[in-house]
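Read the structure below first, then the notes.
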Amino acid sequence: MDILSDIVGYMASVCMILGYLPQAVHTIKTRDTSGIAYSTFLLMGLGAVFFVVQGFLTGNAPLWITNLVTSISSGIVFGIKVYNDCHKK
């Protein structure tokens, strides 16, 4: 059962990263953050950070790997959003 659990966990990781990364890549390339809400990326980023910690504490590699990628992506998108909003003309 542990092997099945690991397989499902890694499949979920791949799906989460492939689902989340395109938005981050698009935002990095275009610098367009007009449709992004602060609260969404702030809370998603914080949630991902907490899941990284939980993954380490429980030894769940798929959990911490996935959420490390998504927390970094959220941080980058959030940073671009803050920068854009602070430098609006």
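The values are calculated or read from the model by the stated rules, or taken from the named source; none is laboratory data. No experiment lies behind these values; they were computed from the predicted model shown. Positions of Cβ are backbone-derived with ideal geometry, glycine not excepted, and every protein chain shown enters the neighbour counts.
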Checking LYS29 against (1) in contact with a helix residue (DSSP H, G or I) (Cβ under 9 Å, 6 or more places away or on another chain); (2) modelled with pLDDT of 85 or more, which single condition isn't satisfied?
(1)
Do any helices (runs of 4 or more DSSP H) lying entirely in the chain carry at least 1 residues that are loosely packed, with under 12 Cβ neighbours inside 10 Å and of a type in the set (A, V, I, L, M), and which ones are they?
2-30, 38-58
Between a residue in the stretch 26-54 that is closer than 12 Å to ASN84 by Cβ and any residue that is of a type in the set (Asp, Glu) and assigned to a helix (DSSP H, G or I), which pairs come within a Cβ distance under 9 Å, given they are 6 or more apart or on different chains?
THR33/ASP85; TYR38/ASP85
